[in-house]
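K.L.:
Have a look at this one.
The values are calculated or read from the model by the stated rules, or taken from the named source; none is laboratory data. A quick note: this is a predicted structure, and the numbers were derived from the prediction, not measured. Here the Cβ positions follow ideal geometry from the backbone for every residue, glycine too, while neighbour counts run over all protein chains shown. Just the protein is used for accessible areas: all its heavy atoms, side chains included, with ligands, DNA and RNA removed. Shrake-Rupley method; radii C 1.70, N 1.55, O 1.52, S 1.80 Å.
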Amino acid sequence: MMDKRSNLNKSYNITTFGCQMNEHDSETLAGMLEELGYIENANRREADVAIINTCSVRENADKRFFGTLGQLKKVKEERPETVVAVCGCMMQQQHIIDTLKAKYPWVDLVFGTHNIHQFPSLLNNVLNERNKVVDVWDNGGDIIEGLPAKRMYPFKAYVNIMYGCNNFCTYCIVPYTRGRERSRHPGEIVNEVKALAASGVKEITLLGQNVNSYGKGSNFTQDFADLIYMLNDIDGIERIRFMTSHPKDLSNKLIHAFQKCDKLCNSIHLPVQSGSTEILTRMNRKYSKEDYLQLIEKLRDVIPDIAITTDIIVGFPGESDEDFNETMDLVEKVRFDSAFTFLYSIRKGTPAEKYKDQVPESIKHQRFDRLVDRLNEISQEINKSYEGNIVLVLAEGSSKTNTKMISGRTVTGKLVNFKGPAELTGKLVPIRITEGKTFSLNGDIEK
Ligand code: SF4
């Protein structure tokens, strides 16, 4: 085992690309490193251990990863004892490993999404034997409980409830990089959340690629709604959020949990991806435009003030003008609070890679601009409707753009900026909204 004292004054830096799952994996890596005696270093070039946690879903992920990795080459030349480690979804793809071996032979450690728990011993191997280590598992195996985590905030935390995905949307690489669905036992999750509450955490975000299928295929009987009810009873926790939901698995039981569980926040991220039923079929999403609209109606019937956000892919292979107009029509009908929009781009190893009818880039961009303009207008209209209202904001600390301002989120997930002392961080603060903008709200503390 590694001696903690031998790591005194040694530092680490983790660069994270991608989603909340990756951010949470990085928190686990940071927790392990701190248990080994390392301290965080904000400068990647000065750290003794530099880790890049990669994503294969987001746009230009490959370019951004190799660009960042390239910057570390000079560091390795000047300080060869620096350990450069890479992990995350991209490492689950053989062509990436082949590229690393051929063009980046100075990388010390490569590991995947399934063996993060092994990181301390892999690092030990690199340090003690000065070996290059490439250890990527093909599938997840058992869920490892009890890993340490260094959380980004003391008052809010991510909690993984399941890993992997069984859905095989034709554009997505996740089922190949994160493996099949495995759910954590509800007892383990409840214990983790109780411990978080005892340490001062007020808000938890439950994470999974498709939280709505939590429990399926497991050896316990609770489903996702049951889990929410169990967590809602934990003292000290004031807000429960979750992501991501697949529309095909969103149950009536969960919709009613929004009504019954006072801590479940009135917001849902429900990726639609396209408004065209034909494109949805080609994406293997297993719902139609009408199914999605009915789901929204049901949600709003039960929780009229729920905030709904989504993901939309523009220019999926075969998307015609009519298909795109169906998406614009769905956007008008739903009026999303906000949306992540993506230009479709090929992910190696997915079925859609082989689709012949790829949409020309110029058309994709025209459609994308039209869609984003309309989404932004709607977001601003919705945010303006908050003006004059008093909302409860969980203060998260100084605003990124103005250190005199504090920023935080409403129960509906809206970003709010207001003037106030830093001591409010971690507290629920009543704010009167003075201005609704496209991506955020401004307000004043309500005395
Ligand atoms: S549900 Fe579809 S898009 Fe989401 S992770 Fe699974 S395969 Fe990917």
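K.L.:
Can you go through SER199, SER218 and tell me which one is within 28 Å of GLN93 (Cα to Cα) and out of contact with any Leu (no Cβ under 7 Å at 6 or more places or on another chain)?
P.N.:
Testing whether each residue is within 28 Å of GLN93 (Cα to Cα) and out of contact with any Leu (no Cβ under 7 Å at 6 or more places or on another chain) leaves just SER218.
K.L.:
For residues that are assigned to a helix (DSSP H, G or I) and without any contact (Cβ under 8 Å) to a residue 12 or more places away in the chain, scanning just the stretch 281-294, find the one that is farthest from the ligand (Cβ to nearest atom).
P.N.:
Checking each candidate, the answer is GLN294.
K.L.:
Residues of the stretch 16-60 being modelled with pLDDT under 95, outside any loop (DSSP other than H, G, I, E, B), among the β-branched types (Val, Ile, Thr) and in contact with a helix residue (DSSP H, G or I) (Cβ under 8 Å, 6 or more places away or on another chain), which ones?
P.N.:
THR16, THR28, THR54
K.L.:
Sticking with this structure for a sec: What tally of residues in the stretch 302-353 results from selecting those that are under 19 Å from PRO175 (Cα atoms) and either of a type in the set (Ser, Thr, Tyr) or assigned to a helix (DSSP H, G or I) (or both)?
P.N.:
Selection size over the stretch 302-353: 6.
K.L.:
Tell me which residues, restricted to the stretch 98-119, are open to solvent by less than 10 Å² (accessible area, probe 1.4 Å) and either on the phi > 0 side of the Ramachandran plot or small (Gly, Ala, Ser) (or both).
P.N.:
Within the stretch 98-119, just GLY112 meets the criteria.
K.L.:
Now, a different point. For the stretch 210-220, state whether one or more residues are within 14 Å of the ligand (Cβ to nearest atom), part of a helix (DSSP H, G or I), open to solvent by 10 Å² or more (accessible area, probe 1.4 Å) and in contact with a Pro (Cβ under 9 Å, 6 or more places away or on another chain).
P.N.:
yes
K.L.:
A follow-up question, please. Criterion first (of a type in the set (Val, Ile, Thr) and within 15 Å of the ligand (Cβ to nearest atom)) does VAL272 satisfy it?
P.N.:
yes
K.L.:
Would you confirm whether or not the stretch 225-238 contains a residue that is in contact (Cβ under 8 Å) with a residue 60 or more places away in the chain, more than 16 Å from the ligand (Cβ to nearest atom) and open to solvent by 10 Å² or more (accessible area, probe 1.4 Å)?
P.N.:
Yes, the stretch 225-238 contains a residue that is in contact (Cβ under 8 Å) with a residue 60 or more places away in the chain, more than 16 Å from the ligand (Cβ to nearest atom) and open to solvent by 10 Å² or more (accessible area, probe 1.4 Å).
K.L.:
May I pose another question? What residue, of GLU332, GLU238, is over 25 Å from the mean Cα position of the chain (by Cα) and modelled with pLDDT of 95 or more?
P.N.:
Testing whether each residue is over 25 Å from the mean Cα position of the chain (by Cα) and modelled with pLDDT of 95 or more leaves just GLU332.
K.L.:
Let me ask something else. Regarding GLU297, is this residue more than 15 Å from the ligand (Cβ to nearest atom), in a helix (DSSP H, G or I) and free of Cβ contacts under 8 Å to residues at least 24 places away in the same chain?
P.N.:
Against the criterion (more than 15 Å from the ligand (Cβ to nearest atom), in a helix (DSSP H, G or I) and free of Cβ contacts under 8 Å to residues at least 24 places away in the same chain), GLU297 qualifies.
K.L.:
Against the condition in contact (Cβ under 8 Å) with a residue 60 or more places away in the chain, within 16 Å of the ligand (Cβ to nearest atom) and closer than 28 Å to LYS414 by Cα, how does MET243 come out, does it pass?
P.N.:
So MET243 passes the test.
K.L.:
Further, regarding this structure: On the given criteria, is SER11 outside the structural domain of SER345 (by TED's automatic domain parsing) and either β-branched (Val, Ile, Thr) or modelled with pLDDT of 90 or more (or both)?
P.N.:
Judged against the criteria, SER11 is a match.
K.L.:
Based on this model, can you work out whether VAL411 counts as outside any helix (DSSP H, G or I) and open to solvent by less than 20 Å² (accessible area, probe 1.4 Å)?
P.N.:
no
K.L.:
Within the stretch 197-207, identify whether any single residue is open to solvent by less than 10 Å² (accessible area, probe 1.4 Å) and within 16 Å of the ligand (Cβ to nearest atom), and answer yes or no.
P.N.:
The answer is yes, given that some residue of the stretch 197-207 is open to solvent by less than 10 Å² (accessible area, probe 1.4 Å) and within 16 Å of the ligand (Cβ to nearest atom).
K.L.:
Considering only the stretch 340-392, state which residues are in contact (Cβ under 8 Å) with a residue 40 or more places away in the chain, in contact with a Leu (Cβ under 7 Å, 6 or more places away or on another chain) and open to solvent by less than 40 Å² (accessible area, probe 1.4 Å).
P.N.:
Across the stretch 340-392, the qualifying residues are LYS364, ASN383, TYR386.
K.L.:
Any residue at all in the stretch 54-71 that's among the aromatic types (Phe, Trp, Tyr), buried (at least 16 other Cβ atoms within 10 Å of the Cβ) and within 22 Å of PRO120 (Cβ to Cβ)?
P.N.:
Checking the stretch 54-71: not a single residue is among the aromatic types (Phe, Trp, Tyr), buried (at least 16 other Cβ atoms within 10 Å of the Cβ) and within 22 Å of PRO120 (Cβ to Cβ).
K.L.:
If you don't mind, another one. Among LEU147, LEU100, LEU122, which is the only one that is at pLDDT 90 or above, more than 16 Å from the ligand (Cβ to nearest atom) and aliphatic (A, V, I, L, M)?
P.N.:
Criteria check complete, one pass: LEU100.
K.L.:
Here's something else I'd like to know. Which residues, taken from the stretch 161-180, are more than 9 Å from the ligand (Cβ to nearest atom) and either in a loop (DSSP other than H, G, I, E, B) or surrounded by 21 or more Cβ atoms within 10 Å (Cβ to Cβ) (or both)?
P.N.:
ILE161, MET162, THR177, GLY179, ARG180 - these are the residues of the stretch 161-180 that are more than 9 Å from the ligand (Cβ to nearest atom) and either in a loop (DSSP other than H, G, I, E, B) or surrounded by 21 or more Cβ atoms within 10 Å (Cβ to Cβ) (or both).
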